[in-house]
Amino acid sequence: MANKEIVDGMSMQRALTRITYEIIERNKGVSNLVLVGIKTRGVYLAQRIGERLQQLEDVAIPVLTLDIEAYRDDREPKDRRQPQIDLNLNGKRIVLVDDVLYTGRTIRAALDALMDNGRPSVVNLAVLVDRGHRELPIRADFVGKNIPTAISERIKVNVRELDGQDSVEIHS
Amino acid sequence: MTQRYLILQDQSVYPGEAFGAPATTFGEIVFNTAMSGYQEIITNPIYHNQILMFTTPTIGAAGINHQADEAIVPTIKGVVTREIADVSTNRLQRMSLDAFLKRHNIPGIARIDTRALARHLRQTGTQKASIVDVPDDHAFDQLKAMVLPTNQVAQASTPKAYANPGRGANVIIIDLGLKNGILRNLRDYDANITVLPHDTTLEQVVNLDPDGIVLSSGPGDPHILNEQLLRLIRTVQSEIPLLGIGLGYELFALANGAELEELTFERHGMNHPIREQITGNIIFANQGNGYVINRASLKETALMVTHVDLMDHSVQGVRHRDYPAFGVQFFPDAAPGPIEATDIFAEYMEIVSARRGGSRQWLNEY
């Protein structure tokens with residue numbers, strides 16, 4: 001087992017900055033925008049993007065937390081409950097944020113969870129790392145780093161708030 | 001040491017000691033407040049045809065070394081300083097500043113009270129100046145008759161396209177008075193660079209199928225550049241990642257409808273904190289500009305402010321809201337200056353790489 005840092009803190013910050021600019025480009029501004037972070041690390045990344053938008057455009061963008069646990073396809077559907085979103089998503093432009101895009105199953109679950117809360121006008125996906133190996137027809141609109149991996153490897157995103165530092169590690 | 005004189009168009013006379021070449025020259029006098037980096041500053045083409053005054057008390061102590069060249073030859077008209085160091089212990093040095101200036105026929109003048117002169121220039125604004133042997137009526141008549149060149153960019157730009165090959169993304173630089181630091185930084189990403197002259201046409205750019213376009217820094221008034229370049233910017237910015245630096249940034253702003261204001265005196269130095277708006281990070285960088293964006297004029301444009309000078313609150317960077325096109329007023333290439341602003345090249349090359357190999361459909365439409 002070897003752990004190797006492949007993205008350092010500076011590069012990670014820059015990737016989030018670039019994603020933020022791309023969100024503005026794609027949405028032609030920030031009106032009606034809602035950031036939804038997928039638990040756990042997606043939430044911190046969504047908050048970082050939210051802070052950047054605030055500092056750049058001087059508007060507070062809602063940043064929501066989404067727990068997709070109940071929507072996972074390897075769980076019994078009866079466990080499902082209404083997720084913790086107290087905002088009507090009808091007509092909103094949503095950017096779903098997660099740390100790593102892998103099989104696509106998490107995103108599928110997140111989309112289901114979102115749709116239970118209304119009908120957004122558009123949902124985009126922002127991920128810090130796209131490591132490949134999709135099992136569902138899902139792709140990201142905003143990618144921090146494309147990191148080709150072997151299935152046997154593991155990608156770990158560290159965030160300052162939780163892990164004490166910003167970095168991306170590969171475990172093989 | 002020979003006594004010589006620095007004279008200004010407002011009739012002021014500053015006696016000093018000659019160094020460098022014994023030539024008599026004329027030019028606009030500007031001053032730089034940086035404490036280091038005199039060789040990079042002297043060789044930076046943004047000072048084409050200008051007399052350069054340093055407010056730092058001594059220059060020359062590091063000699064001249066070829067790693068610090070920002071152009072093949074310096075094209076300034078003179079150097080004004082308080083003191084020129086005659087001893088250098090820098091292991092990189094190949095010759096003294098004095099010998100370097102002699103070689104390129106550029107006169108220098110030392111023992112000038114540069115702090116008083118800087119204060120004077122801050123009040124009067126940019127002036128024409130001359131370094132002469134005798135400050136008589138004849139010298140002042142000559143100075144008065146001197147006409148400043150308006151084709152600064154045409155003189156500083158390369159007359160012909162040339163390649164600076166790499167194995168990575170295909171990046172075009174439009175040379176408006178390119179400094180080596182920009183090439184050095186892009187080479188860090190192994191970019192395959194083609195440098196094109198300032199009067200390049202859209203067709204020539206499109207034919208090279210670029211992944212990215214960089215508008216270089218350069219000398220002079222951005223307003224005198226022809227409409228062709230502004231049209232080129234407006235056409236390519238929606239399709240190809242664009243980075244403007246210094247004069248290139250000013251043209252990018254003009255092309256998108258912003259207005260520029262001329263400063264009373266040009267501002268050259270590297271002691272102003274600059275805030276990157278999106279992160280709140282503070283950086284320092286080498287600055288050298290005679291114009292700034294009129295902030296109010298941005299309201300009617302698709303540009304947003306990305307960098308702000310915290311000393312005078314001037315706009316130091318803008319970005320297009322709809323396209324991956326942006327620019328900075330300052331020099332991010334760290335030659336001279338702190339390396340923290342070089343991140344701008346990293347950001348730019350990431351965008352270029354991410355979009356590489358995308359649709360080339362638009363190219364066929366020309």
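The values are calculated or read from the model by the stated rules, or taken from the named source; none is laboratory data. Treat the numbers as computed from the prediction; the structure is a model and nothing was measured. For neighbour counting, all protein chains shown are included, and Cβ atoms are generated from backbone atoms with ideal geometry for every residue, glycine included. Keep in mind that these areas ignore ligands, DNA and RNA; they rest on the heavy atoms of the full protein, side chains included. Shrake-Rupley method; radii C 1.70, N 1.55, O 1.52, S 1.80 Å.
Looking at the range B:150-165 only, could you name the residues that are at pLDDT 95 or above, open to solvent by 20 Å² or more (accessible area, probe 1.4 Å) and part of a loop (DSSP other than H, G, I, E, B)?
B:T158, B:P159, B:K160, B:A161, B:P165
Would it be correct to say that B:V308 is over 17 Å from the mean Cα position of the chain (by Cα), within 14 Å of chain A (Cβ to nearest Cβ), open to solvent by less than 20 Å² (accessible area, probe 1.4 Å) and under 23 Å from B:I224 (Cβ atoms)?
On the way: over 17 Å from the mean Cα position of the chain (by Cα): yes; within 14 Å of chain A (Cβ to nearest Cβ): yes; open to solvent by less than 20 Å² (accessible area, probe 1.4 Å): yes; under 23 Å from B:I224 (Cβ atoms): no.
Answer is no for this residue.
How about the range B:26-42: which of its residues are touching a strand residue (DSSP E or B) at 6+ places or on another chain (Cβ under 8 Å) and either part of a loop (DSSP other than H, G, I, E, B) or at pLDDT below 95 (or both)?
B:T33, B:A34, B:G37
It is to be established whether one or more residues within the range B:266-282 are at pLDDT 95 or above, in contact with a Pro (Cβ under 7 Å, 6 or more places away or on another chain) and within 14 Å of another protein chain (Cβ to nearest Cβ).
Yes: one or more hits.
Within the range A:24-58, count every residue that is open to solvent by less than 60 Å² (accessible area, probe 1.4 Å) and away from chain B (no Cβ under 11 Å). Quick ask: steps written out before the conclusion?
Applying the first criterion (open to solvent by less than 60 Å² (accessible area, probe 1.4 Å)) to the range A:24-58 yields A:24-25, A:27, A:29-30, A:33-38, A:41-46, A:48-50, A:52-53, A:56-57.
Right, trim to away from chain B (no Cβ under 11 Å) and you get A:33-38, A:41-46, A:50.
Residues meeting the conditions: 13.
Scan (1) closer than 22 Å to A:Y44 by Cα; (2) buried (at least 16 other Cβ atoms within 10 Å of the Cβ) for the single condition A:N146 breaks and write down its number.
(2)
Could you look through the range B:79-135, keep only residues that are charged (D, E, K, R) and part of a helix (DSSP H, G or I), and pick out the one that is surrounded by the most Cβ atoms within 10 Å (Cβ to Cβ)? Write out each step before concluding.
Here is the first cut: in the range B:79-135, the residues charged (D, E, K, R) are B:82-83, B:86, B:91, B:94, B:98, B:102-103, B:111, B:113, B:115, B:119, B:122, B:128, B:133.
Right, trim to part of a helix (DSSP H, G or I) and you get B:98, B:102-103, B:115, B:119, B:122.
Values: B:D98: 20, B:K102: 18, B:R103: 14, B:R115: 12, B:R119: 12, B:R122: 12.
Selected residue: B:D98.
Report yes if some residue within the range B:223-237 is part of a loop (DSSP other than H, G, I, E, B) and modelled with pLDDT under 95; otherwise report no.
Applying the first criterion (part of a loop (DSSP other than H, G, I, E, B)) to the range B:223-237 yields B:225-226, B:237.
Next cut, modelled with pLDDT under 95 only: B:225-226.
Yes, that holds for at least one residue.
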